[in-house]
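See structure below.
The values are calculated or read from the model by the stated rules, or taken from the named source; none is laboratory data. If you're wondering where the values come from, they're calculated on a predicted model, not measured in any experiment. Neighbour counts are summed over all protein chains in view; Cβ atoms, including those assigned to glycine, are modelled from backbone coordinates with ideal geometry.
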Amino acid sequence: MKNLLTLLLSIALALALGAGGAFAGEKMDDMKGMDMGKPAAPSIKIHKTVGVVTALDAKAGTVTFAHEPVKSLNWPAMTMTFSVKDKTLFDKLAEGKKVEFEFVKEGKTAVVTGVK
Ligand SMILES: [Cu+2]
């Protein structure tokens with residue numbers, strides 16, 4: 001329980017910092033020059049699992065996975081919809097395809113950050 005609380009607090013903090021950073025235009029520009037992919041706060045935990053794409057909507061930026069359990073979140077296997085902000089990830093997604101993917105939690109939303 002304590003670990004979960006710590007995780008939630010760090011996510012809340014990271015989101016607060018992230019929201020602040022969005023208004024700091026200079027900082028964002030600096031980040032673009034660095035080859036470090038998506039600007040994600042280091043305290044945001046990346047979760048990994050395997051899932052089969054059951055639906056996807058590139059326009060809406062969503063993908064539904066029937067995914068295997070996620071140990072780092074204590075999630076059982078389930079079918080759920082994820083948000084996809086990086087539209088290039090749709091190149092690697094297709095209905096019925098089984099992929100390894102990574103995601104982060106942003107509040108109640110799970111955002112896919114990588115697809116293998
Ligand atoms: Cu799930």
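The table that follows gives values for the structure above.
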read-out	value
Checklist (1) within 14 Å of the ligand (Cβ to nearest atom); (2) at negative phi; (3) without any contact (Cβ under 8 Å) to a residue 60 or more places away in the chain; (4) not aromatic (Phe, Trp, Tyr) applied to Asp57, failing item	(1)
Selection from segment 86-109 of residues that are without any contact (Cβ under 8 Å) to a residue 40 or more places away in the chain and not acidic (Asp, Glu)	Lys87, Thr88, Leu89, Phe90, Lys92, Lys108, Thr109
Any hit, segment 37-51, residues being within 16 Å of the ligand (Cβ to nearest atom) and over 15 Å from the mean Cα position of the chain (by Cα)	no
Lone qualifier among Ala66, Ala77 - being in contact with a strand residue (DSSP E or B) (Cβ under 6 Å, 6 or more places away or on another chain), within 12 Å of the ligand (Cβ to nearest atom) and farther than 17 Å from Ile44 by Cβ	Ala66
Verdict on Thr113 being under 13 Å from Thr49 (Cα atoms) and outside any loop (DSSP other than H, G, I, E, B)	yes
Yes/no for Lys98 being of a type in the set (D, E, K, R), loosely packed, with under 11 Cβ neighbours inside 10 Å and at pLDDT 95 or above	no
